[in-house]
Structure formats: C-alpha cells, structure tokens
Amino acid sequence: MYRYDQYDQAIVDARVEEFREQTARRIAGAMNDDQFKPLRLKNGLYLQLHAYMLRVAIPYGTLDGRQMRKLADIARRYDRGYGHFTTRQNLQYNWIKLEEAPDILAELATVEMHAIQTSGESIRNLSADQYAGAAADEICDPRPWAELLRQATTFHPEFSYLPRKFKIAVIAAQEDRAALRWHDFALRIVKNDVGEQGFEVYAGGGMGRTPIIAYQIREFLPFAQIFSYLQAVLRVWNTHARRDNIHKQRMKILVHELGEEEFRRQVEEGFQHFLTLQTDFPQAEYDRIAAYFAPPPFETGPSAEIDRSDPEFALWVDRQTVAHKAPGYAIVNISLKPITGIPGDISAEQMDIVADLAERYSFDEIRATHAQNLVLPHVRKADLHALWQVLDAAGLASVNLDLVTDIIACPGLDYCSLANARSIPLAQKIAARFADMDRQLELGELKIKISGCINACGHHHAGHIGILGVDRKGTENYQLLLGGSGAEDTSQAKITGPGFDEDGVVDALEKATNVYLRERQPGERFLDTYRRVGMDPFKEAIYG
Amino acid sequence: MDNLLRFRDDEAHDEPAVSIDAFLGQSNATSVRIEAGEDARQLIPFLDRLALVEIDFPRFRDGRGYSSARILREAGYKGEIRASGDVLVDQMLFMRRCGFDSFAPAAPIDEAALEAALARFDYVYQNAADDAVPVWKLRHG
C-alpha cells in the first residue's frame, strides 16, 4: 500500500500545526465558532449531541496493522475504548475533547493518517472497492488512481470552499461494491473498443433529502486526463451552484436544473480549457504511486483445500470468504455486526487483534467497507481455520455478510445532532428478531439500511429494505422503503406508506420478508422478487 | 481603505471599481468589481484595459470568487486582483494560490497570523495560479 514520502509527511505535519494554532485561537476567543466551524470540519471535527466527534480518513478504505493499532491506541487514550466504522469507509470517535483534537491529529500523522477533508463543504475522502487488488473480477487495482486523486484534491486552492460536500468513488470491477452511482463523481475503470484502459465517468449522484442516481457523463476518459476533467466538473458546479439554500447546493441539484446534456456540454468546454493548462499529473507520478500497490508476493501453489470438518467454521467460510484472484487465497470479510452489537463499532482490543491477524495472515493489509465491516484481503486458504479461531474468540466471527442482520445504520439520535430518530436500537431489534441462522440463510441476500434522518448517512435510499427515521409530532417514527440498491443494479428505494413506531417497523419489515418467501421464484433474491411483483403485494401484507 | 493588504510592487490603483454591467456598457473604467455569482469570463476580451479587478466575498464560505480569480489569471490577466468583503486570515493562502494579490478585508487582519498562515505549507500537490511547484514535479524533476 501507499507510503508517504517526505513531501506527503511535511504536508500532513504542517496541517496538524495549522489546526493546533487555529484551535488555540478559537479557545482564546480570537475567532468565533462561525469562523472556526468550517476549519474544524475540514479536519473531521463535528460537534455532536454529547461531545465532539472526530472522523478519521481511511483513504479508499485501505489501512495496515500499524495504523489500526494506532486507532486502537487513540480509542483508549482519547475516547472510550472503541471506534465506529462509517458508510464512507472512515472511522469515527464519539467522545473527543476539542483541546485534545490537535494531539490526536499529531498521533495520526505518526502513522501516515489524517482527518483532512472528511467533512465540511470540501472534496471528501475518496472511497473505493474494498476488494481492490484482490478481487477475481477486477481489471486492475483502482487504488493508484484513488491515491493520485487524493493528492490532487487535497488542499485544492480553488475547490476548498465548495457549495456543499463532494464525494468521489473509484472501482475497476463489473460488480459494484462501492455504491458508485450514489456519488457526486464516480469512476469505473473500463477497457474501450481498442483495449485501452480508462474511466467510465458518472456525475451528479447523491443521497440526502433529494436522492439522485448519477448519470453517465462520459463513456470513456483517458487515464492521463482525469484531473483536468475533474477540475472542469468542479468549476462548472462551483461557479453556477446556488448559495442561498444549503439543501439545494449539492452538484446533483445543479445537474438536475441544467439538464444532463447542458451540464455535460459545459464540462466538456471547461475540460478542453483545463487540458491547455497542463495540470494533469504525469505518467511518472502514476507509475511511482502504482509501484506501492504492486501485488504482494503470493505463494505459487499453496493448498486450496479447506478442512470443513468443523461445521461452524465451514459455515463461516461459505458466507464470509470470497474468491481471490490468486489461487489458494481467499478474501476474508470480518463482520462488525454481531447480533446484539452496534453496527460498525469495534473495541480497541478487537482493533489490535485485527491488526495482528493482518500482519500474520494478510500481507499487513486491512480494508474498511461502506457496509461498515472489515476485510482481510489476502489470506491463504490454509490459514483460514487458524484465523477463524482467533476471530471467534474475539467476537469477530459473526456469519452474516449481506444477510438480514448485516445492517447498515448511521449513529442516529444516540449521537448525532442532526438525527430525528435513533438508528442503533432499531438495528439491534431487527437483528434480534432475525437472529436464527437458518432463517437468515433462508432469506438470503437482503440489505437493510437505516438512517436516523433525511441526510441518509445510513443509505436508506439504497437498501433492499430501507428505513428512514423521522420526527412525527415529537415522537420517533420510521418509514419503510423497498427496492433500493447500491450495487451495479443501482436503484432508489420507494416508501411503502405511512410510518411506524419502533416495534411496528420491525413487524412491517418481517411481513415484507414473508411476502418474499411466499412469492419468490427459484434463485430470486428479495430485491429480484420485489422488482418482479412490485410494491402492491408488500403493501397489502403490511397495511392490509 | 484602511485594511488594504497588497502583494504587488506597483502603486495601488485608486479608481473606484464599477460593476460588470457598467463596464460592459462601454465604460472607460480600468477597475471592475465582480459580485459573487457573476461570470468572470465576461471580462476576458477586455483584460488589457483593466488595472484592477475586485472580487467580492459576501460570506467567507462562499467560494465562487476563487474560481473567478483563477479564470482571469488563466486568461493571462496580470493586473491586480483584490479580494474584498468577508476575507479572513484562514482563507488567504488559498486566495493567494488562486491569483489574488491584494486584499481589502472588512475587518483588520492580524499580520503575524497572516505571515504564519502564508508560510505554513512548504509543499503543494497541484498547480494553481501562483508559481508554487507541485510535489509531483519535485519528485520527478
């Protein structure tokens, strides 16, 4: 994986000192909170219901054991001994003191990490396919481009006070594991007619209160021109977007108002201009970065045999491991969704264990997923049993990848100052209702996504079953949505009808799963059945 | 203009700036003011007549002015570009990088804080309107 050189390190170190000085000015009263707020947000620091929250960037979801151990160390020393993985592959601490935030950023810098541009109206930390570099179905590793774009978009002087946040994702496989078209700007590496690799580009997507699926703005963009193209997109948006209503300032709204064709025309015009400025990074810089992502030294011909005599282990292997591009290796998914747990939460002790396992069994690589789980991308099949035993002892061997209890949930009203309703207790209730393993397997792939407000951090628009918490005359109320997808078959979920209280929405969800079991045809997932039979049978079961 | 800060060697231009509309209406003015939301590209045919372009920041979070300044510099404008309005010390480094070379902030700027802010980062990742060399160039010569 990428390592900082003297320049990267100097930039991050200078950022820490800048924020230390800004924080001191704020504490001394030389700056008001209105002035300080965008500065702390660009360093990942939010003020939540009970304390400051710090969102640490995990660029394109990749980290190593040393970094994970540092995250554990910070959790112990500055927080309450745990952290929370988010739907943007980042990690959040919930109990941070403002005066300690600069020290935490300094600690992160010692392991080549930061919290730069993880919030605020800026170009956010990029997300990517969590199986990058390991997936059997990718045409190349997308992370060198993600790292190049991380650098290109860090402290961009023109695009640091944007109308709103701007989210980028990069993948290189047919299967979309990164919710690509729910991003403002999304890249899929493809081959064109003559076999050259480049980007298929999508623009104008996003969730929030106005969900829009990104449209294909360009069928093929040569690799070498990506920064010019991105800057052209950003300039069209930055100069034309409204600034009078924060809810109408995301790029998706401008694309919608101008129309896809006109937006594309303006971008192309700006793109031709940017190409003349020669701001694109040269091939030599791409090559330098790509060298860090060279495949690890996989053994040739390790045993592909797995001893399945332990049924619990066999169950875990079948559900939690995925085909690897190298023979004899597997991709391991570590569930952060134990039945009674909080989705995405991990204790400092568990972080240390994952760090140890990564170093011992996975060429020192760990990935965070947008579904709030972890991945060890390169594990020899021969090591799976030993690894599983350690995970099992640490409470990290839950079997539920993409099943009904693998629930995405935002922090909700337990933490978040924007939330209208709690998400965590609801996720726990649903998980408890469906805890039975046979029942989960019977229901098959079923992605439940819960947001505690319309900002949609819990991706409810993209849930096979989505749940949106709202405030209804002072009480928490939950709307049920069906038919969304964040995968390559992207779709937006639709509301079933009137909302429910917490227990009521669990009942309604269960009724929806019963309709699926009744109506499904062989091989159909919940989503497939919903798409075939439509909303009516579900409505009838839920409200009839 | 008590708070005027300049990063140019020439004399400050003191002709009052006119609006873009007034300028385009066949004025002989040499000084124009761009409000947030106005298209700086309208000035491109007339840049050799201009000595000062003032770009207003109604709120420091409104980042449209950064693009306006860069658009003018990219078109070859060498005259003064002045940021006026809600201009604060923590935004001035990026403004300098986008081509602003004078500032007329509504509230005075602490000079020591400004000096520290402008000298904070030894390296930058990307080309802009200043002469800072991006690190990719330092890496590869």
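Helix-only mean residue ellipticity at 222 nm, chain A, DSSP H runs n ≥ 4 weighted -39,500 (n - 2.57), per residue, nearest 500. What is it?
Calculated at 222 nm, the ellipticity per residue is -11500 deg cm²/dmol.
For Cα pairs less than 8 Å apart in space and 6+ apart in sequence, what is the mean separation divided by the residue count of region A:408-543, i.e. the relative contact order in percent?
19 percent
Going through region A:162-227, which GluC sites (Glu not before Pro) have at most 15 other Cβ atoms within 10 Å and a DSSP loop state?
Within region A:162-227, the qualifying GluC sites (Glu not before Pro) (loop, at most 15 other Cβ atoms within 10 Å) are A:E175, A:E196.
Apply 1/(1 + (r/R0)^6) to the Cβ-Cβ distance of A:K325 and A:D436, taking R0 = 25 Å, and write down the FRET efficiency to the nearest 0.05.
Calculated transfer efficiency: 0.10.
Pairs A:K167/A:K381; A:K447/A:K494; A:K167/A:K449; A:K447/A:K539: which are spaced more than 24 Å apart, C-alpha to C-alpha?
A:K167/A:K381
Leaving out same-chain residues fewer than 8 places away, which lysines sit with a Cα under 21 Å from that of A:K165?
A:K37, A:K42, A:K248, A:K252
Points 7 angstrom from Cα along the Cβ direction at B:A119 and A:L49: gap in nanometres?
Placing both labels 7 Å beyond Cα along the Cβ direction yields 4.7 nm.
Please list, by residue number, everything in region A:314-333 whose backbone N is under 16 Å from a paramagnetic label point 7 Å out along Cα→Cβ of A:E299.
A:326-331
Report the one residue of A:Y415, A:G395, A:M535 whose Cα lies farthest in the direction of the positive end of the charge dipole of the protein assembly as shown (charges on C-beta: Lys and Arg +1, Asp and Glu -1; origin at the Cα centre).
Going by the charge dipole, the pick is A:M535.
With +1 on the Cβ of every Lys and Arg and -1 on the Cβ of every Asp and Glu, and nothing else charged, how large is the dipole of chain A about its Cα centre, in debye rounded to the nearest 20?
1480 debye
I'd like the isolated cysteines in the protein assembly as shown, meaning no second cysteine's beta-carbon lies under 4.7 angstrom from theirs.
So, A:C140, A:C416, A:C453, B:C98.
Based on other C-beta atoms within 10 Å, arrange A:V267, A:V12 from fewest to most.
A:V12, A:V267
B:F57's amide H: which non-local residues (gap 5+, or another chain) put their own amide H closer than 5 Å, with H modeled 1.01 Å from N in plane and none for Pro or chain starts?
Result for B:F57 returns B:S84, B:G85, B:D86.
Hey, what's the Cα Rg ratio for region A:131-274 versus the globular rule of thumb, 2.2 N^0.38 Å?
Dividing the Cα Rg of region A:131-274 by 2.2 N^0.38 Å gives 1.02.
For an R0 of 35 angstrom, estimate the FRET efficiency from the Cβ-Cβ distance between B:Q26 and A:H273 and round to the nearest 0.05.
Efficiency at R0 = 35 Å is approximately 0.80.
If the only charges are +1 at each Lys and Arg Cβ and -1 at each Asp and Glu Cβ, what is the size of the charge dipole of chain B around the Cα centre, to the nearest 20 debye?
Its charge dipole is roughly 680 debye.
By how many degrees, 0 to 90 and rounded to 10, does the Cα axis of helix B:64-74 deviate from the longest principal axis of chain B?
So the helix axis and the longest Cα principal axis differ by about 90 degrees.
Can you give the FRET efficiency to the nearest 0.05 for A:Q174 and A:D503, using r as the Cβ-Cβ distance and R₀ = 35 Å?
FRET efficiency, A:Q174 to A:D503: 0.30.
Compute for region A:6-109: radius of gyration divided by Kirkwood radius, i.e. Rg/Rh, restricted to C-alpha atoms, rounded to two decimals.
Looking at region A:6-109, the ratio lands at 0.96.
If neighbour count is taken as other Cβ atoms inside 10 Å, put A:C457, A:C416, A:C410 in order from fewest to most.
A:C416, A:C457, A:C410
Rounded to whole Å and ordered largest first, report the semi-axes of the equivalent ellipsoid of the protein assembly as shown derived from its Cα gyration tensor (root of 5λ).
45, 28, 25
Counting Lys and Arg as +1 and Asp and Glu as -1, each charge on the Cβ, what is the dipole of region B:75-141 about the Cα centre in debye, to the nearest 20?
Result for region B:75-141 is approximately 380 debye, rounded to the nearest 20.
Let me know the whole percent of all Cα-Cα pairs from chain B that are separated by more than 27 Å.
Within chain B, distances greater than 27 Å cover 20 percent of Cα pairs.
DSSP H helices in chain A with Cα extent of 18 Å or more along the helix axis and mean Kyte-Doolittle hydropathy at least 1.6?
none
Work out the mean other chain Cβ neighbour count within 10 Å for the residues of A:29-40 and drop it here as an integer.
2
Out of the DSSP beta bridges found with both residues in the protein assembly as shown, what percent are antiparallel (nearest 5)?
Within the protein assembly as shown, antiparallel bridges account for around 65 percent of the total.
Rule-based calculations on the coordinates, nothing more; no lab input. Everything numeric in this text was worked out from a predicted model, so none of it was measured. Note: ideal-geometry Cβ built from the backbone for every residue, glycine included; neighbour counts use all protein chains shown.
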